[in-house]
Amino acid sequence: MSEVLRPEELARYADAVVKVGLALGRGDDLLVSCQPAHREFAVALVEAGYRAGARLVEVDYTDPLVRAAHLRNAPDKSIGHVTRWHAVRTRATVKPETATLFVAGEGEPGALADVPGKRLAAEMTRSLKRFADVRRASQIGKRRWCIAAWPAPAWADKVYPK
């Protein structure tokens, strides 16, 4: 049994996100961007993607603790740096046959608490500038994307301590 939803409810939620939120269809590719705390939902999304006829479903995990370690310790010039392969992958998400899903729900609340605000801002603004074209495509409806929530246990414990 699922920690958050019963298996049939989890499958139904994942199907709704994939089929309604993203309009994923036969031959489309799906990129799921999430945190390790979202694994249960990520598995359900992969299954839903293939039920919808996806050609390929990929999951891209970002670990908040690893991100925080990077932001605290990397040289200033590395903050917000985007590798060539990451840029290619990000720009490929604008293709009509590609859908991107971002899973929201903090898996490690407070992971960035001791990261200097200037470094966090630099990471965000430098990479945003690099992908102005992708952001613009999202704003004008040329990029298929969606955000779905998943209540990670650490977040739920903070919000509902009792």
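For the range 82-91, the count of residues that are within 14 Å of the chain's Cα centre (by Cα), open to solvent by less than 50 Å² (accessible area, probe 1.4 Å) and within 23 Å of Ala23 (Cα to Cα) is nonzero.
Which one is most open to solvent (accessible area, probe 1.4 Å), of the residues in the range 1-44 that are among the acidic types (Asp, Glu) and not in a strand (DSSP E or B)? Checking each candidate, the answer is Glu3. Taking (1) out of contact with any Leu (no Cβ under 6 Å at 6 or more places or on another chain); (2) open to solvent by less than 30 Å² (accessible area, probe 1.4 Å); (3) under 16 Å from Cys146 (Cα atoms); (4) not in a helix (DSSP H, G or I) in turn, Gly107 satisfies each apart from (3). Residue count for the range 70-104, restricted to those that are among the β-branched types (Val, Ile, Thr) and in a strand (DSSP E or B): 3.
For (1) assigned to a strand (DSSP E or B); (2) open to solvent by 20 Å² or more (accessible area, probe 1.4 Å), each residue gets a yes or a no:
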{"site": "Val115", "(1), (2)": "no, no"}
{"site": "Arg119", "(1), (2)": "no, yes"}
{"site": "Arg135", "(1), (2)": "no, yes"}
{"site": "Ala148", "(1), (2)": "yes, no"}
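Against the condition touching a helix residue (DSSP H, G or I) at 6+ places or on another chain (Cβ under 8 Å) and either farther than 14 Å from Ala148 by Cα or hydrophobic (A, V, I, L, M, F, W, C) (or both), how does Val46 come out, does it pass? The answer is no for Val46. Per the listing Glu58, Glu47, the residue uniquely open to solvent by 60 Å² or more (accessible area, probe 1.4 Å) and under 20 Å from Gly107 (Cβ atoms) is Glu58. Would you call Leu65 open to solvent by less than 80 Å² (accessible area, probe 1.4 Å), part of a helix (DSSP H, G or I) and in contact (Cβ under 8 Å) with a residue 12 or more places away in the chain? Against the criterion (open to solvent by less than 80 Å² (accessible area, probe 1.4 Å), part of a helix (DSSP H, G or I) and in contact (Cβ under 8 Å) with a residue 12 or more places away in the chain), Leu65 does not qualify.
The values are calculated or read from the model by the stated rules, or taken from the named source; none is laboratory data. Computed from a prediction, not measured in an experiment: that's the story for all the values here. So basically every Cβ, Gly included, is an ideal-geometry build from the backbone, and we count neighbours across all protein chains shown. With ligands, DNA and RNA removed, areas are computed over all heavy atoms of the protein, side chains included. Shrake-Rupley method; radii C 1.70, N 1.55, O 1.52, S 1.80 Å.
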